[in-house]
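**Student:** Before I ask anything, let me first share the structure, which is written out below as structure tokens.
The values are calculated or read from the model by the stated rules, or taken from the named source; none is laboratory data. Note that this is a predicted model, so its numbers are computed, not measured. Don't worry about glycine lacking a Cβ; one is built from the backbone with ideal geometry, like all the others, and counts go over all protein chains shown.
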Amino acid sequence: MLVLSFITILSSFYFFKKANTLSMLPQIEAKLYSKYLRRSVKYTIILPYNYERNLQEKYPVLYLNDGQDLEKLQMQTVLQKLYTEKAIPPLILVAIHANKNRIQEYGTASQPDYAKRGAKAYLYTQFILKELVPTIQKKYRSYTEPEYNFFAGFSLGGLSAIDIVWANPHKFSKVGVFSGSLWWRSKPYEEGYEEDKDRIMHQIIRKSEHKPKLKFWFQAGTEDETEDRNNNGVIDAIDDTLDLMKELEKKGYQRDIDFTYLEVQGGKHDPQTWGQAMPFFLKWLFEK
């Protein structure tokens, strides 16, 4: 487990933000009509430098939920910094914008939560697999192999990301879960909720086969929330994340080899914290 203070990553991020004078990476705004969601889905693509010059080059792809928050995440600055340092290879970022249907389209595809939230998560997954990914692979020079295709998300978008990757190891190989809504549950607290039985993503993993090529990156902040439902002195956001990692261990995944965890002291449930944690995730994606 890697534990960093919010001040440490904030000061580092502020420094490279001020020092970076590179031009903007190519950024494209696009829309795709989804027959599954019955709406046009906006997405933003950030391409590598010299994409139009290196016409023989193919690139890995990172799909990102909540793409409407790119500016708050300062993704342009993050990528510019890492490219300048040669810390990561060039990639194609596909940031999918959520809209008013977010709480219905994100979630777990196999079932909604107890309040019927996530009722369109299955349709969103179909949009990703059958509409968006084929479009990106057709229009851009991207690798199609799962080892070069990744997914990530924040909060409820993080839950969506791990659900999609877990169910589709033939499409994706790595997932990033920032402050994931891993509390997603099949029963409300006041109706006999039990952690071991009612957290949906934990149950999905518990009841599934081991998927040997998948790798997982988790982040939580110590100020993600204040709730502590079992009164053990650890906020629920961290508890739920640690417990999901225990489920992965039971499936045979190894800590710091197959999955890793970044805990940000003072980190909050907001794009500022997630953007400052983003370089650690991006570097992890390409670790040998």
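**Student:** Identify, please: which residue in the stretch 54-77 is of a type in the set (Ser, Thr, Tyr) and out of contact with any Lys or Arg (no Cβ under 6 Å at 6 or more places or on another chain) and is, among those, nearest to LYS42 (Cα to Cα)?
**Tutor:** From the stretch 54-77, those of a type in the set (Ser, Thr, Tyr) are 59, 63, 77; that's our starting set.
Filter once more, so that each one left must be out of contact with any Lys or Arg (no Cβ under 6 Å at 6 or more places or on another chain): 59, 63.
Details: TYR59: 22, TYR63: 13 Å.
Filtering first and then ranking leaves TYR63.
**Student:** Do any residues in the stretch 265-276 that are at pLDDT 95 or above have Cβ atoms under 8 Å from those of residues that are in a strand (DSSP E or B) and among the β-branched types (Val, Ile, Thr), where the two are at least six apart or on different chains, and which pairs are they?
**Tutor:** Partner pairs satisfying both residue conditions: GLN265/VAL3; GLN265/THR222; GLY266/THR222; GLY267/THR222; THR273/VAL264; GLN276/VAL264.
**Student:** Looking only at residues in the stretch 80-103 that are out of contact with any helix residue (DSSP H, G or I) (no Cβ under 8 Å at 6 or more places or on another chain) and assigned to a helix (DSSP H, G or I), which one is surrounded by the fewest Cβ atoms within 10 Å (Cβ to Cβ)?
**Tutor:** By that ranking, first place goes to THR84.
**Student:** Could you check how many residues of the stretch 63-72 are buried (at least 23 other Cβ atoms within 10 Å of the Cβ) and not small (Gly, Ala, Ser)? Quick ask: steps written out before the conclusion?
**Tutor:** Step one: of the stretch 63-72, the residues buried (at least 23 other Cβ atoms within 10 Å of the Cβ) are 63-67.
After this cut, where a residue has to be not small (Gly, Ala, Ser) as well, the list is 63-66.
Result for the stretch 63-72: 4.
**Student:** Does LYS213 satisfy the condition of being modelled with pLDDT under 95, of a type in the set (Lys, Arg) and either under 28 Å from ASN99 (Cα atoms) or not in a helix (DSSP H, G or I) (or both)? Spell out the reasoning first.
**Tutor:** Values: modelled with pLDDT under 95: yes; of a type in the set (Lys, Arg): yes; either under 28 Å from ASN99 (Cα atoms) or not in a helix (DSSP H, G or I) (or both): yes.
Taking the combined requirement at face value, the residue satisfies it.
**Student:** Shifting gears a bit: GLN76: part of a helix (DSSP H, G or I) and surrounded by fewer than 20 Cβ atoms within 10 Å (Cβ to Cβ), yes or no?
**Tutor:** Working: part of a helix (DSSP H, G or I): yes; surrounded by fewer than 20 Cβ atoms within 10 Å (Cβ to Cβ): yes.
Spelling it out, GLN76 is indeed part of a helix (DSSP H, G or I) and surrounded by fewer than 20 Cβ atoms within 10 Å (Cβ to Cβ).
**Student:** May I ask you to verify whether PHE280 is in a helix (DSSP H, G or I) and either aromatic (Phe, Trp, Tyr) or loosely packed, with under 13 Cβ neighbours inside 10 Å (or both)? Talk me through it step by step, then tell me what you get.
**Tutor:** On the way: in a helix (DSSP H, G or I): yes; either aromatic (Phe, Trp, Tyr) or loosely packed, with under 13 Cβ neighbours inside 10 Å (or both): yes.
Yes: the conditions hold for PHE280.
**Student:** Ok, one more. Exactly one of these conditions fails for SER208: (1) assigned to a loop (DSSP other than H, G, I, E, B); (2) at pLDDT below 95. Give me its number.
**Tutor:** Status for SER208: all satisfied but (2).
**Student:** If you don't mind, another one. Given the condition under 20 Å from SER155 (Cα atoms), touching a Gly at 6+ places or on another chain (Cβ under 7 Å) and either at pLDDT 95 or above or outside any loop (DSSP other than H, G, I, E, B) (or both), answer yes or no: does some residue in the stretch 234-244 qualify?
**Tutor:** Initial filter on the stretch 234-244 (under 20 Å from SER155 (Cα atoms)): 234-244.
Then keep just the ones that are touching a Gly at 6+ places or on another chain (Cβ under 7 Å); that gives 241.
Among the residues that remain, those that are also either at pLDDT 95 or above or outside any loop (DSSP other than H, G, I, E, B) (or both) are: 241.
Taking every residue of the stretch 234-244 in turn, at least one turns out to be under 20 Å from SER155 (Cα atoms), touching a Gly at 6+ places or on another chain (Cβ under 7 Å) and either at pLDDT 95 or above or outside any loop (DSSP other than H, G, I, E, B) (or both).
**Student:** Between ALA152, ALA220, ALA161, which is part of a helix (DSSP H, G or I) and buried (at least 22 other Cβ atoms within 10 Å of the Cβ)? I'd like the intermediate steps shown before the answer.
**Tutor:** Working: ALA152 fails: part of a helix (DSSP H, G or I); ALA220 fails: part of a helix (DSSP H, G or I).
Matching residue, one of ALA152, ALA220, ALA161: ALA161.
**Student:** Under 22 Å from ILE200 (Cβ atoms) and either of a type outside the set (S, T, N, Q) or not in a helix (DSSP H, G or I) (or both): is that true of ALA119 in this structure? Please lay out each step first, then the result.
**Tutor:** Values: under 22 Å from ILE200 (Cβ atoms): yes; either of a type outside the set (S, T, N, Q) or not in a helix (DSSP H, G or I) (or both): yes.
So ALA119 fits the description; yes.
**Student:** THR226 passes all but one of (1) assigned to a loop (DSSP other than H, G, I, E, B); (2) among the β-branched types (Val, Ile, Thr); (3) touching a residue at least 40 places away in the same chain (Cβ under 8 Å); which number fails?
**Tutor:** Single failed check for THR226: (3).
**Student:** Can you tell me which residue within the stretch 247-257, out of those that are of a type outside the set (Ser, Thr, Tyr) and crowded, with 17+ Cβ neighbours inside 10 Å, is nearest to ASP198 (Cα to Cα)? Walk me through it before giving the result.
**Tutor:** So the first thing to find is which residues in the stretch 247-257 are of a type outside the set (Ser, Thr, Tyr), and the list is 247-252, 254-257.
Subset that is crowded, with 17+ Cβ neighbours inside 10 Å: 247-248.
Working: GLU247: 14, LEU248: 17 Å.
Per the stated criteria, the residue is GLU247.
**Student:** Please state which of the following conditions ASP196 fails to meet, knowing it meets all the rest: (1) outside any helix (DSSP H, G or I); (2) free of Cβ contacts under 8 Å to residues at least 12 places away in the same chain.
**Tutor:** (1)
**Student:** Would you pick out the residues in the stretch 178-205 that are loosely packed, with under 15 Cβ neighbours inside 10 Å and within 13 Å of LYS246 (Cα to Cα)?
**Tutor:** Selection gives ASP196 alone.
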